[in-house]
1. Kindly indicate whether Ile38 is hydrophobic (A, V, I, L, M, F, W, C), assigned to a strand (DSSP E or B), closer than 29 Å to Val166 by Cβ and modelled with pLDDT of 90 or more.
2. For residues that are more than 17 Å from the chain's Cα centre (by Cα) and of a type in the set (Asp, Glu), scanning just region 134-183, find the one that is farthest from Arg111 (Cα to Cα).
3. For region 61-76, how many residues are surrounded by 10 or more Cβ atoms within 10 Å (Cβ to Cβ) and either modelled with pLDDT under 80 or in a strand (DSSP E or B) (or both)?
4. Based on what the data block shows, is Thr2 under 26 Å from the mean Cα position of the chain (by Cα), surrounded by 15 or more Cβ atoms within 10 Å (Cβ to Cβ) and among the polar types (S, T, N, Q)?
5. For residues that are acidic (Asp, Glu) and either under 15 Å from the mean Cα position of the chain (by Cα) or under 24 Å from Asp33 (Cα atoms) (or both), tally how many sit in region 63-103.
6. Find the residue count for region 102-113, including only residues that are touching a residue at least 24 places away in the same chain (Cβ under 8 Å) and either among the small types (Gly, Ala, Ser) or surrounded by 14 or more Cβ atoms within 10 Å (Cβ to Cβ) (or both).
Amino acid sequence: MTQVFDESGVVHPATIVKFGDMVVTQIKTLEKDGYSAIQVGFGERNSKNISKPVKGQMKGGNYMHLLEIPIEEGKVYNVGDLVDTSSLKAGDMVTVSSVSKGKGFQGVVKRHGFKGGPRSHGQKHSEREAGSIGGAGRDGGRVAKGKRMAGRMGSDRITTKGLTIVSINPETKEFFVRGAIAGRKGTLVEVKKA
């Protein structure tokens, strides 16, 4: 994240998003596939690490990622076309999806914000414990589904709506989105016009 000043001198907290060239690798049609979309490939990886079936799907490219995008009404694409961010401009509202940072196996205090047990009155090892998890009365002698407990935290797909593009720099292939986006540096981000 960084901060960006606009023309009137107001500072905006912003996240830098770098975009690369996306190449159309496949076209899905209503007649053949039942829906209209394009498959795009982007990023690069070593060709020796790609299996032959995936190479065929990529139409000879060495792309790191493949993504399907629904086609807007009236737009025509061909295999090999470049998809860029020309449709985005400063001031546009966008919806951003990305995978949040993974935090591993965490307890209930960190994962769900439990306060833990009392720190006095003879408590020995229950400072960060979950406490009671139900019982015979309400849940019929079992642990109810969805009970908040310790477990894996993070690595979830997070979608943030209503973010604004502050500015776009076509030379460096970067744009600045007002606000925070889930994930670490280098996380793959999907940006859709709202």
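The values are calculated or read from the model by the stated rules, or taken from the named source; none is laboratory data. Model, not experiment: these values are computed from the prediction. Here Cβ is always computed from backbone atoms with ideal geometry, including for glycine, and neighbour counts include all displayed protein chains.
1. Numbers: hydrophobic (A, V, I, L, M, F, W, C): yes; assigned to a strand (DSSP E or B): yes; closer than 29 Å to Val166 by Cβ: yes; modelled with pLDDT of 90 or more: yes.
So Ile38 fits the description; yes.
2. Checked region 134-183; the qualifying residue farthest from Arg111 (Cα to Cα) is Glu171.
3. The total comes to 7.
4. no
5. 4
6. Looking only at that region, the number is 7.
Conditions tested, residue by residue: (1) closer than 30 Å to Glu7 by Cβ; (2) modelled with pLDDT of 90 or more.
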site: Gly135; (1), (2): no, no
site: Ile165; (1), (2): yes, yes
site: Lys173; (1), (2): yes, no
site: Arg178; (1), (2): yes, yes
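Conditions tested, residue by residue: (1) touching a helix residue (DSSP H, G or I) at 6+ places or on another chain (Cβ under 7 Å); (2) in a loop (DSSP other than H, G, I, E, B).
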{"residue": "Arg111", "(1), (2)": "no, no"}
{"residue": "Ser132", "(1), (2)": "no, yes"}
{"residue": "Arg138", "(1), (2)": "no, no"}
{"residue": "Met153", "(1), (2)": "yes, no"}
{"residue": "Lys161", "(1), (2)": "no, no"}
